[in-house]
Amino acid sequence: MTIIEILKNAVLESLAIYGQSFTPKDFQVSETNPEFEGDYTVILFSLIKNLKKSPDVLGSELGKHIIENNGSIFYGFNVIKGFLNISVTDEYLTAFLQKNHNHKSFGKQQPNGKKIMVEYSSPNTNKPLHLGHLRNNFIGWSIAEILKANGYEVIKTCIVNDRGIHICKSMLAWQLFANGATPQSTNMKGDHFVGDYYVKFNNEYKKQVEELIQTGRTKDEAEKEAPLMKETQQMLVDWENNDAEVKQLWKKMNAWVYEGFEITYKRIGSDFDKTYYESETYLLGKDFVYEGLDKGILYKKDDESIWIDLTENGLDEKLVLRGDGTSVYITSDIGLAKQKYEQYGPDQSIYVVGDEQNYHLKVLQVICKKLGMPFADGIYHLSYGMVELPTGKMKSREGTVVDADDLIDEMILTAKRHTEELGKVKDFHEEELQKLYETLGLGAMKFYLLRVDPKKRMVFNPEESIDFHGFTGPFVQYTFARIQSVLKKVGSLQLAVASEQQTTNNYPPSTIHQLLPLEKQLILKLEQFSAAIAQARDELNPSVIANYVFHLAKIFNSFYTEHSIVNAENELKKNLRLSIADMTANVLGSGMQLLGISMPDRM
RNA sequence: GGCCCCGUAGCUCAGUGGAUAGAGCAACAGCCUUCUAAGCUGUGGGUCACACGUUCGAAUCGUGUCGGGGUCACCA
């Protein structure tokens, strides 16, 4: 149990003396504002109405009662206006520290038997990944880790959008303009190579449309009649008819893209337990359409197309099958959702998808519900905001995207520059250096993208490079490296002995009441780690963890500057501070691991 | 136009019913003979878009206005 939970229970027990029943939701407990004495605060306003007591009287009575019955945990209180401020005893905190400082998985929950699927990443195979994909990947990966830390079994999945008209565009452009060039012959990364042909297509297509408009066509007509568009559509038809030549080209170009993606995914540490390919799933979902038709949930229009009416849900009428019997996006998505459920039987299925698809995901869930799918209620759209540039949205077609590979390179280079300027690791071998640059560069980038609430849009300014100071990944990594340095200096042997002494022989009573403010603050903060993990799960929000580790590191750095660990006043203090340092490093390490960020021992 | 999201310091963001609204960056002033200065300490910086309302108490909840974005495809 956390201290806040203990305090809440203590309040409830104390309230029982008034003969009324209360629940934990009837009052709030928060951290005490630093300007007042105390560690945690019970807010009394919501209670005084029912009890018809003044805040002062209620606060005093509660405070007294809580301390009488929980003397080993709480020791002093004051009541100011409607706030009851209570202090936590040093005994409790030191005992907590002794018990947990060496506990590597502190804060994490035991398996709870529930299974959650997390779908993220979902790239298109016609262009390389950009900054928006990075945000998606980092959020998805981190959410999976956070769920695991809360005891869930997690299956990470990815649906690759490897077919459709947009894929044919780059295929056609390659056929027309490449003269047989390959990633090898041009020495390019496969996904970038293919992406360039997608851009090429759009440029040429635009020219054709403009020419047609000059001959007097409307924009709509021109867009439909442009030869490139007609050829693309023909190619899609050929693809669906299993035309050998088209399929072969498709396979060849997709292989190039996968090769490129593989490199990027490996660098950023994204991985999946199961990858679905749209080319294999796009035909799914037709069976339920005919079922739904029989049940009268769906209806057919004159042109044989099949629809569902969602107007009673505040949505529109939605097409689920074209007149020619082919699927649309929503149909295969429902089919895939069903397949995922049949294959893995998750209790919940989280879709990490951009907020521009809010409507689509809403429709998906509503249709599944109407069709009586058992997994409908478990669908959850983790809707994250777009990464925008100061000039607005990133648009592939206008070349205003921040390329993922470029950004990663730049981050690693910046890490290298900082490291060389500081010159602290001159004894590192080339391989160690390279690893360090990656750890720091990726750490900075992941932290930057995860420290913001996923739901919110965020602005990235390419002119200002991502920082390595302040509220950043490297700041937390630096704190960790400093601790490692201290622990190394003392030697792991001594630390082991120290912790053994502490658990077998308690501190003499005369010394335990003397935690210094920063020591106490740190232990209190460490104690809140499990609450942070739980909050991150409740909100499906990695930024909770980013904020937590930053604040912990911040307090530690103040402590580190203020008090010497190795040259502490006496052996007891030294052991205490070593335990604090050790536990801080452990918690920073597991917190950052939840964000997909690794820690260097030196930097 | 309908529906949805957002508006907090110069910039990027926390805070979503509690005490005098916080960080980081940027600016300025200090701190390395002592465990890593990618650090620490301090200063300045706010009409929480605006108005009205609910409440003992509102950045937080409600209504309206203004501003920004998304979406409303037989694209994915």
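The values are calculated or read from the model by the stated rules, or taken from the named source; none is laboratory data. Here the structure is a predicted model, which is why all the values come from computation and not from measurement. For neighbour counting, all protein chains shown are included, and Cβ atoms are generated from backbone atoms with ideal geometry for every residue, glycine included.
So A:Leu336 passes all but one of these: (1) in contact with a Phe, Trp or Tyr (Cβ under 7 Å, 6 or more places away or on another chain); (2) closer than 29 Å to A:Ile466 by Cα; (3) in a helix (DSSP H, G or I). Which condition number does it fail?
Single failed check for A:Leu336: (2).
Need the failing condition index for A:Ile86 against (1) in contact (Cβ under 8 Å) with a residue 40 or more places away in the chain; (2) away from RNA strand B (no atom under 15 Å from the Cβ); (3) buried (at least 18 other Cβ atoms within 10 Å of the Cβ), just the number.
So the condition that A:Ile86 fails would be (2).
For every residue, the table says whether it meets (1) modelled with pLDDT of 95 or more; (2) surrounded by 14 or more Cβ atoms within 10 Å (Cβ to Cβ).
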| residue | (1), (2) |
| --- | --- |
| A:Glu204 | no, yes |
| A:Ala222 | no, yes |
| A:Ala226 | no, yes |
| A:Lys230 | no, no |
| A:Asn241 | no, no |
| A:Trp256 | yes, yes |
| A:Gly260 | yes, yes |
| A:Lys266 | yes, no |
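In this structure, does A:Gln20 turn out to be more than 21 Å from A:Gln521 (Cα to Cα) and more than 16 Å from RNA strand B (Cβ to nearest atom)?
Values: more than 21 Å from A:Gln521 (Cα to Cα): yes; more than 16 Å from RNA strand B (Cβ to nearest atom): yes.
Yes: the conditions hold for A:Gln20.
Can you pull out the helices (runs of 4 or more DSSP H) entirely within the stretch A:436-517 that have at least 2 residues that are at pLDDT below 90, over 30 Å from A:Tyr351 (Cα atoms) and more than 8 Å from RNA strand B (Cβ to nearest atom)?
Numbers: elements: A:473-490, A:492-504, A:509-512.
The helices (runs of 4 or more DSSP H) meeting that bar are A:492-504, A:509-512.
Just to be sure I understand, how many residues within the stretch A:322-339 are away from RNA strand B (no atom under 11 Å from the Cβ) and at positive phi?
Number of matching residues: 0.
Looking at (1) in contact (Cβ under 8 Å) with a residue 60 or more places away in the chain; (2) more than 16 Å from RNA strand B (Cβ to nearest atom), find the lone condition where A:Glu342 falls short.
Condition not satisfied by A:Glu342: (1).
Please state which one of A:Gly372, A:Gly354 is within 22 Å of the chain's Cα centre (by Cα) and not aliphatic (A, V, I, L, M). Full working, then the answer.
On the way: A:Gly372 fails: within 22 Å of the chain's Cα centre (by Cα).
Sole residue among the options that is within 22 Å of the chain's Cα centre (by Cα) and not aliphatic (A, V, I, L, M): A:Gly354.
I'm told A:Val79 meets every condition in (1) surrounded by 13 or more Cβ atoms within 10 Å (Cβ to Cβ); (2) of a type in the set (Val, Ile, Thr); (3) closer than 29 Å to A:Ile533 by Cα except one. Can you identify the failing condition by its number?
(3)
Among what's in the stretch A:243-290 and is in contact with a strand residue (DSSP E or B) (Cβ under 8 Å, 6 or more places away or on another chain), in contact (Cβ under 8 Å) with a residue 60 or more places away in the chain and in a helix (DSSP H, G or I), pick the residue that is nearest to A:Ser142 (Cα to Cα).
A:Glu278
Which residue out of A:Tyr384, A:Tyr344, A:Tyr359 is surrounded by fewer than 19 Cβ atoms within 10 Å (Cβ to Cβ) and over 19 Å from A:Tyr276 (Cα atoms)? Show your work before the answer.
Numbers: A:Tyr384 fails: surrounded by fewer than 19 Cβ atoms within 10 Å (Cβ to Cβ); A:Tyr344 fails: over 19 Å from A:Tyr276 (Cα atoms).
That would be A:Tyr359, the only listed residue that is surrounded by fewer than 19 Cβ atoms within 10 Å (Cβ to Cβ) and over 19 Å from A:Tyr276 (Cα atoms).
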